[in-house]
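Structure first, then comments.
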Amino acid sequence: MENSNSLSVLWDAGNLLHLSERPERDISENDVEEAVRDWNALIQKGRFEDGEQYFRLLGMTWKGRIIVVIFSERNGMLRPATVYPANKRLRASYFKNLDSFNHEKEI
């Protein structure tokens, strides 16, 4: 999987409906696109289901909020399947990775 920064986000009726059905999560299309373009985003390979490989992206919005984007890659585009706010453990993981990256740069 290439860096998420180079992928366009594919929005369709299904994933837009998913966002609108979860107002308590308070996550917009812009939030998702910002997290996807986060140069420090963490991406992990997830499950393979219905002929598609899914991934989990942990990224930061421009407002500093860490969110999780579960996505597949379709036709060279990143298609969000679900999104939700990162819990405390995942936020800590994001910042730990960021901290270790910054220390490596200093060496």
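The values are calculated or read from the model by the stated rules, or taken from the named source; none is laboratory data. All values derive from a computational prediction rather than experimental measurement. Cβ: placed from backbone, ideal geometry, glycine included. Neighbour counts: every protein chain shown. Just so you know, the surface numbers come from the protein's heavy atoms only, side chains and all, with ligands and any DNA or RNA stripped out. Shrake-Rupley method; radii C 1.70, N 1.55, O 1.52, S 1.80 Å.
The helix-based estimate of mean residue ellipticity at 222 nm for the chain, built from -39,500 (n - 2.57) per DSSP H run of four or more residues and divided by its residue count, is -10000 deg cm²/dmol to the nearest 500.
Using a probe of 1.4 Å, the accessible surface attributed to Lys45 totals some 150 Å² when neighbouring protein chains are kept in position.
Full extension of the segment from Asp50 to Ser28, taken as 0.36 nm per residue of separation minus the current Cα-Cα distance, would add 5.3 nm.
Largest accessible area first, the listed residues Asp26, Asp38 line up as Asp26, Asp38 when surface is computed with a 1.4 Å probe on the assembled protein chains.
A protection proxy built from the mean count of other Cβ atoms within 10 Å ranks the segments 12-20, 78-86, most packed first, as 78-86, 12-20. Computed on protein heavy atoms with a 1.4 Å probe, the accessible areas place Leu10, Leu90 in the order Leu10, Leu90, largest first. Solvent-accessible surface of protein heavy atoms, probed at 1.4 angstrom with all chains present, puts Glu33, Glu73, Glu52 in the order Glu73, Glu33, Glu52, largest first.
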